[in-house]
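The values are calculated or read from the model by the stated rules, or taken from the named source; none is laboratory data. Small disclaimer: the values here were computed from a predicted structure and weren't measured. Ideal geometry is used to build each Cβ from the backbone, glycine not excepted, and the neighbour counts take in all protein chains shown.
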Amino acid sequence: MRVVSLVPSATETLVELGVEPIACTRFCEQPGIATVGGTKDPRVGEIVALEPDLVVVNDEENRFEDAAGLLDAGLPVHSMSPRSVASVGPAVRALADVVEVAVPSPFGVAEWDAWLAAQPVPRPERACVLVWRRPWMSMAADTYGSSLLERLGLVSVLAVDPARYPEVSLEEIAAYAPAVVLLPSEPYPFKDRHASEVAAALPAARVRLVDGRDLFWWGVRTPTALDRLRATLGEQ
């Protein structure tokens, strides 16, 4: 099947399923695959010219107008936008079904539920994830990242914020008194110097740099991402 993927998580999952897309975005980190722009600015005309059997999109990564343009051109479009760890299993199964391949372990129906039930959840701690700087932005509820952190015992101090990705100041975060602050490597590329800046503003919190792909890329990565994040959070 000729598939174009405009979602990094889906591209990675497709490759693991044995279906290498004929094109993807420049953010998909697949150097052997041709690119057709970014997630927010795909070159729709080029995609249409490729005559794919399927284009995979996401309502968070991609713009509605680009998906609409693909549909108007007569291309089949598959949207997958899991908002929780629990919904990753059904999303992977739906993708495997549409590209006509077998569902890998542990994403089968009963298997996924059993895997979720077997995951240890430690005592809850208050946490904050910063996803951007200038302005500082965090992550509230109804996001895959928040759901993943809950599996690690981390509850966002901004979970009830009406915005899914609210702007916030370090002073406001300090007032929430999180025990843990996470700085992922994407979408903003946080480095050691940023960790030092945050640690100075929140001296009582444990500040950790984490792989943004493990925190935000759902799909075949999810089980091993949980293991890696668990290990990172357990470090001193």
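Summary of values
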item: Given (1) surrounded by 15 or more Cβ atoms within 10 Å (Cβ to Cβ); (2) closer than 18 Å to LEU229 by Cβ; (3) not assigned by TED's automatic domain parsing to the domain that holds SER84, index of the condition PRO187 fails; result: (1)
item: Residue list for segment 19-40, restricted to those being under 21 Å from PRO82 (Cα atoms) and either at pLDDT below 95 or out of contact with any Phe, Trp or Tyr (no Cβ under 8 Å at 6 or more places or on another chain) (or both); result: VAL19, PRO21, CYS24, THR25, PHE27, CYS28, GLU29, LYS40
item: Odd one out for ALA205, checked against (1) closer than 21 Å to TYR144 by Cα; (2) touching a strand residue (DSSP E or B) at 6+ places or on another chain (Cβ under 6 Å); result: (1)
item: Strands (runs of 3 or more DSSP E) completely within segment 76-170 that count 1 or more residues being at pLDDT 95 or above; result: 77-79, 125-132
item: Residue list for segment 3-45, restricted to those being free of Cβ contacts under 8 Å to residues at least 60 places away in the same chain, loosely packed, with under 14 Cβ neighbours inside 10 Å and closer than 15 Å to ALA96 by Cβ; result: none
item: Single match in VAL103, VAL98, VAL92, VAL48 (criterion: more than 11 Å from LEU6 (Cβ to Cβ) and touching a residue at least 60 places away in the same chain (Cβ under 8 Å)); result: VAL92
item: Among residues of segment 99-144, those that are crowded, with 20+ Cβ neighbours inside 10 Å and under 28 Å from VAL19 (Cβ atoms), counted; result: 4
item: Answer residue from segment 171-187, given it is part of a helix (DSSP H, G or I) and not hydroxyl-bearing (Ser, Thr, Tyr) and is nearest to GLU29 (Cα to Cα) among those; result: ILE173
